[in-house]
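Beneath this line is the structure, given in structure tokens, with notes to follow.
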Amino acid sequence: TVSTQSTGRFYSMGMLTLLLLLAPAMATITEFRPPAIPLFTADPFTQTWIRGDTSTAAQVSHWDGAEKQMVGLLAVDGATYIYLGDLNSSYPSLTQRSMTAFPTRTEFTLELPGVLELKLVFLQTLFPDDYLRLSRPVYYLIADIRSLDGKNHDVKLYADASAQHTVNTYDEQVAWSAWESDEMRGVAIGSAAQNVLGSKGDRVNIDWGFLHLATPAADANSTLWAGSGETARSSFGEHGMLPQARDVRMPRACQDDLPVLATLHNFGSVMTASHTVLFGYDDVKSVFYFGSEFDALWKHTYRNISQAISAASAEVDEMVSKSQAHDDKLVADLTQRGGAEYAALCSLSYRQTLAATKLVWNSDRNTVWNFLKAVSYTHLRAHETPEHLVCRLLLEKKKKNQMITHSIPIS
């Protein structure tokens, strides 16, 4: 286990002691449906949300509303169903039974009624006592399959993420490639121009760096592909496989036959099974500040994104357990002090607040800096909150041991 707790001070903000306005009464955190359901929310650019009641109610989008397609399909005994995203009724959707937004993960329980259950976990390592994993831009989509009728079923899982995640405007040119390391296989996509740190302003999406989709090299049941999203999705839906031919028409505009990174996992004939899809985003450089360019903190430990993805892949079970323990403790504490509805709102605010920050390594000062995307005090106002409810729970800091200073705002 690698930890960077001793590498330097975590620069945070006093406003973290402020959370959210109270919501209408709800019985439990499980029953709370936020205005937008968080999927992966890691930093101001890596933002994926569902603006609807279910995982298939709408296309995945950025916080600013820009479409960032992610599509999930499940083949059960030869029939195809949607579990993520909106494909305009190309295939029927699985039935959603529940959705819970925890501080570090979002869980969906979906069903093919009477036949199969699919539990989805969108997990990111937002642990304030572990700066390395808080910074590491690798995210888990965990799919657990369970038969509901006591029979084996032939099951295949498809997941993709589009080139929209890598551009600010959809007319920008994109290109993709495949890569391999000793432990992992992956595909990557990014803008062709790679104008690193070349954009600024509000409601601006990243158009540099590379989105990655990866699987362990030893996983013979998983395949990867990059190219036309329409081709990949229809190939899986109609034939239960990814396209055999490579899509080599690149670079091309993101909006031109929208390219995606896609993966397929063949569970085979099963009653229960589990599979983890690994997403990553290497932003190359993270922050430009008064003439200096800063690397993300994770680059101080890992040589490259493939090594970071490999490390994340090796500790899936450990990170799931840590997420559950972390979230159980935080939610229980918040519930005790403010009730279930307070805990539900605070769980969402935890995701929103940490997603507005970026941890970097300042090599000149040999320490960690945390840059903060401007956050409105209006939607962070709340009841006066004890220091140990927010600062301690979010940052695991005690005033007597270490002063918490303001972060550096970015916009």
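Since every read-out is calculated from the coordinates, none of them should be taken as a lab result. As the structure is a prediction and not an experimental result, all values here were calculated from the model. Reconstructed Cβ throughout: ideal geometry from the backbone, glycine too, with neighbour counts over all protein chains shown.
Here are some notes:
- Reachable aspartates and glutamates, given that their alpha-carbon falls under 13 Å from the alpha-carbon of Lys329 and they are not under 8 places away in the same chain: Glu396
- For the range 49-101, a Kirkwood hydrodynamic radius built from all Cα pairs, placed in the Stokes-Einstein relation at 20 °C and 1.002 mPa s, yields a translational diffusion coefficient of 185 µm²/s.
- Shape category assigned to the range 89-161 from the gyration tensor of Cα positions, a/c cut at 1.5: prolate
- Zone of Gln173's modelled label, taken as backbone nitrogen in the range 252-280 under 15 Å from a point 7 Å along Cα→Cβ: 252-256
- Listed by chain and number, the aspartates and glutamates whose alpha-carbon sits under 16 Å from that of Lys299, ignoring those within fewer than 8 places in the same chain, are Asp43, Asp130, Asp282, Asp283, Asp364.
- Mean Cβ neighbour count within 10 Å, used as a protection proxy, ranking 199-209, 155-165, 352-362 highest first: 155-165, 352-362, 199-209
- Cross-link table Lys119/Lys151; Lys200/Lys285; Lys200/Lys322, entries beyond 24 Å C-alpha to C-alpha: Lys200/Lys322
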